[in-house]
Amino acid sequence: DKVLVSGANGYIALWVLRHLLERGYAVRGTVRSEAKGKFVKEYFTSIGHGDKLELVIVEDIEKEGAFDEAVKGVDAIAHTSSPFHGNVKNPEEFYRPAIQGTVGMLKSALKNGPNVKRIVVTSSCAAILTPSDKPSTFSELDWNEASPKEVEEKGSDSPPMSIYRASKTLAEKAAWEFYMEHKSEVKWDLAVINPPFVFGPPIHDVNSPASLNTSLKTWYDIVVADNPKTKEGLSFSSGWVDVRDTSLAHVLALEKEAAGGERIITTAGSFNWQEWITVANSLPSSVYPNHKLPTGIPELFTSETVYNIIYDKSKEERILAIKFHTKEETTKDTLEDFAKRGW
Ligand code: NDP
């Protein structure tokens, strides 16, 4: 079977490609430029999986029919492309690629993908949670109604994170709407993966901590670079998942019949930032010999710490049943990777 993966050069996507290729699938990845494709091709060639990988360039995913050629002849699709960074001013900068990119992929599959059986869309827990000061549990039944509303009110004065969360919410909603509208015309169904914060070793093209993707850059800043040191920053809590697990979830969601028609939260559990620092300091110093790691404010994580955000894992356990990496494993593998890069 051949799987199309959009945004193939991204942090999560490269791991999706790796799982697919290791499981024997043929993969067609889309990237925005020749140079981005070159890294991906060279990486998989270097680990012996270059022969079943094909890369195509889709320069502008907002364009009508952008994926019309890319979907031809594929059996399944994983759509991961979406902007995630903090330098957004105008909501449209995120809304257009997130929403039009996602709906555009589904439209192209409707038009030119007669063999497509399933489409997996990478959404986010950003499309689920409503930020709150008191501890809350969220499940797939919840939608983030607050961020789109906030962005509607504040426009380009919205905080970048609100714009990001709103873009993910609106893109996922648009995907379900398009699917419901065209259900009877297509042979495929839709599955959505909703990851919280994604951490873990990168295999995509990064040559400095500054060029890391947003979620791992935050982890690096706090756990390795000691920034921010504030009590407020270090006691912030949320859900997390290892990049190797959430990427595997994409592949399992393509394979498992029961994933069809479902949005699925993939999380290993909750964290607070101090906890990662504490875990990092508990590892042997040989894991990260480059410099002394920050110690943070150790009393901000104890056995009594209450996490502010908890995600319901029951659907994931029922349908995908991934054995998630632990914080210790993810921290060790990530720090070893950073150490090798000399960071
Ligand atoms: P990356 O930034 O590494 O990957 C993003 C991918 O989307 C890249 O391939 C990028 O291409 C592409 N992309 C970004 N903006 C555009 C645009 N305007 N037009 C076309 N393509 C674009 O981040 P992640 O791997 O973390 O993100 C992948 C997906 O996972 C996204 O949908 C994100 O929302 C989602 N996600 C991520 C989480 C996390 O914590 N990392 C948590 C939950 C969901 P290019 O390199 O050319 O810019």
When (1) open to solvent by less than 50 Å² (accessible area, probe 1.4 Å); (2) in contact (Cβ under 8 Å) with a residue 24 or more places away in the chain; (3) within 18 Å of the chain's Cα centre (by Cα) are applied to residue 182, the one that fails is (3)
Failed item, numbered, when residue 152 is tested on (1) more than 27 Å from residue 252 (Cβ to Cβ); (2) open to solvent by less than 10 Å² (accessible area, probe 1.4 Å): (2)
Looking at residue 70 and the list (1) within 11 Å of the ligand (Cβ to nearest atom); (2) open to solvent by less than 10 Å² (accessible area, probe 1.4 Å), which single condition is not satisfied? (1)
Only residues in the range 225-241 that are farther than 22 Å from residue 292 by Cβ count as the first member; pair them with residues that are of a type in the set (Lys, Arg) and outside any strand (DSSP E or B), Cβ under 9 angstrom, at least 6 apart or cross-chain, and list the lot. 240/327
For the range 198-241, name all the residues that are within 17 Å of residue 332 (Cα to Cα), part of a helix (DSSP H, G or I) and of a type in the set (A, V, I, L, M). 216, 222, 223
Looking only at the range 23-36, and only at residues there that are open to solvent by 10 Å² or more (accessible area, probe 1.4 Å) and under 19 Å from residue 67 (Cβ atoms), the one that is nearest to the ligand (Cβ to nearest atom): 32
Cβ-Cβ under 8 Å, sequence separation 6+ or interchain: first residue in the range 93-104 and on the phi > 0 side of the Ramachandran plot, partner open to solvent by 40 Å² or more (accessible area, probe 1.4 Å) and within 9 Å of the ligand (Cβ to nearest atom). Which pairs? none
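Here's the yes/no breakdown for (1) more than 10 Å from the ligand (Cβ to nearest atom); (2) at pLDDT 95 or above:
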residue	(1), (2)
190	yes, yes
210	yes, yes
219	no, yes
232	yes, no
249	yes, yes
254	yes, yes
257	yes, yes
271	yes, yes
Under the condition of being open to solvent by less than 40 Å² (accessible area, probe 1.4 Å) and more than 10 Å from the ligand (Cβ to nearest atom), which residue from the range 89-106 is farthest from residue 17 (Cα to Cα)? 91
Could you list, in sequence order, the residues of the range 40-66 that are surrounded by fewer than 14 Cβ atoms within 10 Å (Cβ to Cβ) and either in a helix (DSSP H, G or I) or modelled with pLDDT under 95 (or both)? 42, 45, 46
The range 1-22, subset over 15 Å from residue 75 (Cα atoms) and part of a loop (DSSP other than H, G, I, E, B), residue least open to solvent (accessible area, probe 1.4 Å): 8
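The values are calculated or read from the model by the stated rules, or taken from the named source; none is laboratory data. This one's a predicted model, so the numbers in the text were calculated from it and none came from an experiment. Virtual Cβ from ideal backbone geometry, glycine too; neighbours counted across all protein chains shown. Surface areas here come from the heavy atoms of the whole protein model, side chains and all, with no ligands, DNA or RNA. Shrake-Rupley method; radii C 1.70, N 1.55, O 1.52, S 1.80 Å.
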